[in-house]
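Here is the structure we will look at, set down as structure tokens.
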Amino acid sequence: MQGIDRSPLSGAISVAALLFLVLPLTIVVLFSFHETASLSFPFTGFSLRWYREVLSSAPFRDAAWNSLMVATAVAISTLVFGILAAYGLSRTSSRWRAPLALLFFVPITLPGLFLGLALLVFFAQAGLKLSLVTVALGHFIYVFPYFLLIAKAALDRMDVAMEEAAADLGAGPWSIFHKVTLPQIWPVVIGAASLAFALSFDEFVITFFVIGSQSTLPLYIWSSMRRTIDPSINTISTLLLAVTLLLFAIAFVLTLRRDLARGRAEAAA
Amino acid sequence: MTAGAPYSVQIDGVTHRYGRVTALQAIDLAVTPGEFVTFLGPSGCGKTTLLRVIAGFLRPSEGRVLLQGEDVSKVPPHLRPVNTVFQRPSLFPHLDVGENVAFSLRLNRTPNAEVDRRVAEALALVRLAGLERRRSHELSGGQMQRVALARALIGRPKVLLLDEPLSALDLAIRLEMEEELRRVHRETGGTFIYVTHDQRESLALSDRVAVFRDGHIEQIGRPEEIYRRPATPFVARFVGDANVLAIDVAAAGTNTSAISVGSVTLTGSHMAGVDGAAWLVLRPEAVSVTEPSACGNGLTGTVRDLAYRGAGYSYRIELPGVPELLKAEVVAANARPFPIGSRVRVSWEPAACNLLPRQGP
Amino acid sequence: MTTSPDARISRTAFSLSPRDPIALAVPAAVGFAILLAAPIAVFIAYSLLTARLFAVATPFTLDAYRRALGYGLNGTLALNSIAVGFLGAAASVALALPVAYWLRYAAGRWQMPFLFVITASMFASYLVRIYAWRTILGANGAINQTLQGMRLIDAPLEFLIYNRLSVTLALVHIFLPYVVLVLYAGFRPIAPALLEAAQDLGANAWRRWRRVVLPLIAAPAATTFLFVFILSASDYVTPQLIGGTSGQMLGVQIQANFKAVGDWPQGAAISILMLLAFLASYALTLAGLRVARLDRIRWVD
């Protein structure tokens, strides 16, 4: 505890940094409610006209629906493959653990540009037509490492002795997993899946390269940005923000609740 | 100490409050150069707070701190001629032992040759010579604390503050480190201010002990004084084991008085000056336990508990009319213990006990 | 069941079977082999093939690399990418350091709310951010409107957008939350007691930073810097949308080769050259950290 050094300078910088991060987004949200088509100050009045316009636009609804479908597919497949892989990597002492972990974490280090292009080229070579399926495949590779990171950390933190005790008492592998392991890690895992959904929903770069004739929401925003200059883009962006923030809140509450409960238990012990 | 030479540390009416809590209440204290003073007390009594005020990490709400006669109340910690050894060694993990110790010298741009010499000297002082290139994670807990000690002493601070530096160590290492600290203090002749809640440690190390309680100093004096003549029941109980019995002084004379312990009245040359309600403070080792006899001063009680201590026996004896059991430590190599339930006579030398005034029931 | 410790671990989940749990990771590994390893291999192969319009053909050749290195514009764009990447990474890290420091040591009860907002802002879509900056920096954007409204300027400031500055600003906005969180995690093991000890020994704030804080945060800071540098330098959306002419970067050229020009081998070659450059810088940084013995700090208490 430093009684005297309160670091006023870094405090000021921190507040400035927070404003820097938040203000631009706030302005976007603000103008989504603008009653006129202008995107510049002064702000004349509130209106929901852009929301009505956007939500009734068929291309928008198609794009949103596509994003939803892809994100759901990605979240579910990541969840399934991810839990298995996380469990496999966490509970093993095989010498394959490090190489496999490396393989799984490579996409984080590669810029989306490379991933998207490599996939494009691969699909072309394999004769696979570009569509939402190829998009989902691409998202899977991109999102998987993030899920794995979180799930594996949760499994590592868990006390393995519990599983051993269950085995000792006669539980088979599936019983152990679903009666001992899952109850311990499910909040973190759902939080990670929520993150996976959000990442997929937001993804633009890889999508851009491997999508067919359809559109996803980020792609729709991008093409709008090149065509229109009215607040409808703000509206779409705000809707996108709302969805991802909601998912973040879910993930946050789920992972934090677990930490709070554990913290309380440890403090009482 | 020659007249006019300033105290090493002088605390002048220091009060410290945070929120609604008063951690220190108008503390006055003067430490002479070369003294080893210990702040002793239970947790939350303010001893660490005072230490941090001296170090400069806390600014007192009232009062001032003087070092060598100079008011340093407004001086930040890094500019005070005071160094601290903390409870956890806090060695810099990115530096080896030598660079850790040399840290304060490097800040002053001391030339390399001198740095090497003084580091070697400091490490030799704490008996870790030759370990300059080791890293903190390669050292044991005791070794780390010794490096921290060397790091704090190398700058030849006027005052060395030690904040419970041994409490995180194992007992065996702690005893060894106590010896080291005494030796280092002798060899450097510096002023040491030591904080601990371990009363045994404080008696072994200090020139003077200040017993803290709830933000004020309950008693300050040489260890023998604190132990043999505690000023309050709190000090008596906190420093060593004690019997503190509520008694009444029936007739106070200049040299003798009559006291009633439970339902028995004793006369003897007790300490004068206390009348009426009093505390009788008696160390267990001062109590002698013998066969019951009906003559002279003494109490007869019943043994309720008995434990073998190697060097002797400790008894818990029930006395008539006295609510607590009397604790007695009898050191006798070949004595036969008095079994539980037996009647025994309990007595003590008048000079070995203390009478303290008692307020309330 | 007394067995060797290794076997016991694998029996934890599979007490009825001798299989190692790592078998569970095989499905994902297969997926990655198909969707990551194979594409990368094909991509590398493409860079070594002959170009046809929007296609490739044998024979294998190094022509694509020659074209990539020979084309003057590529060099300019590469330099631009390096400049923007470096600036973006430097600005992000420089700004994130005091924020992470404040959060760790001085924020007190503001720590949680701040971390919440910063993490939440990380979830804001990449495109939305770029769009936000376009509306703020544009001729009719927030800044110009405000300054004109306050009568500080007569005409809108043109230099705010469609150049390297706007690209860098947007990139910092995108990466700052991530850098703050990583540096905050890097600060966690540095106990305040350490800084207090340094202060006690005579170091003022600046010296504490230089001799204790910076060396201990060097490894996370350097790796984060590199991460942001690599991602910024290879970005193509930001420069395409708000880079104008002077703010163009190599990523755009790569993308153009694939989508517009149709010279896939050159696009692949440029990409791979970029990747190799990134790998080299990463290796150099790690080596530098190791030399300074700052790569792996062994914490004690």
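Read the figures in this text as sums done on the coordinates, not as results from a lab. Remember, predicted model here, so these are calculated numbers, not experimental data. Using ideal geometry, Cβ is built from the backbone for each residue, glycine included, and neighbour counts are taken over all protein chains shown.
Quick one: Cα centre-to-centre distance for the range A:156-180 and the range C:143-171, in angstrom? Taking the Cα centre of the range C:143-171 as reference, the centre of the range A:156-180 is 61 Å away.
Separation of the range B:160-229 and the range C:274-294, taken as the distance between their Cα centroids, equals 51 angstrom.
The angle separating the long axis of helix B:171-188 from the principal Cα axis of greatest extent in chain B is about 60 degrees.
Ordering C:Phe187, B:Phe238 by the number of other Cβ atoms within 10 Å of each residue's own Cβ, fewest first, gives C:Phe187, B:Phe238. First check a/c for the range C:50-291, with a ≥ b ≥ c the square roots of the eigenvalues of its C-alpha gyration tensor; if it is under 1.5, answer rounded, and if not, answer prolate when a/b is larger than b/c or oblate otherwise. In terms of gyration-tensor shape, oblate. Magnitude of the charge dipole for chain C, about its Cα centre and with charges confined to Cβ atoms of Lys, Arg (+1) and Asp, Glu (-1), is about 460 debye.
In a GNM of chain C with a 10 Å cut-off on Cα contacts, which of C:Ala193, C:Ala94, C:Ala124 has the highest mean-square fluctuation? Result for chain C, Cα springs under 10 Å: C:Ala193 fluctuates most.
For chain C, relative contact order (Cα pairs under 8 Å, six or more residues apart, normalised by length) works out to 27 percent. When chain B is treated as a GNM with alpha-carbon contacts under 10 Å, the residue of B:Arg117, B:Arg127, B:Arg64 showing the greatest mean-square fluctuation is B:Arg117.
Spatial offset of the range A:35-79 relative to the range C:87-135 amounts to 25 Å, using the alpha carbon center of each.
For B:Arg20 and A:Ala161, the FRET efficiency from 1/(1 + (r/R0)^6), where r spans their Cβ atoms and R0 equals 45 Å, is about 0.50. Within the shell defined by Cβ-Cβ distances under 14 Å, the residues around B:Gln219 carry a net charge of +2, with Lys and Arg each +1 and Asp and Glu each -1.
Legend: ranking of residues B:Glu70, B:Glu132 from fewest to most surrounding C-beta atoms inside 10 Å; resulting order B:Glu70, B:Glu132. Using a Gaussian network model of chain C in which every pair of alpha carbons under 10 angstrom is joined by a spring, one finds that among C:Pro113, C:Pro27, C:Pro215 the greatest mean-square fluctuation is at C:Pro27. Taking other C-beta atoms within 10 Å as the exposure proxy, C:Leu279, B:Leu24, B:Leu131, B:Leu67 rank C:Leu279, B:Leu131, B:Leu67, B:Leu24 from fewest upward.
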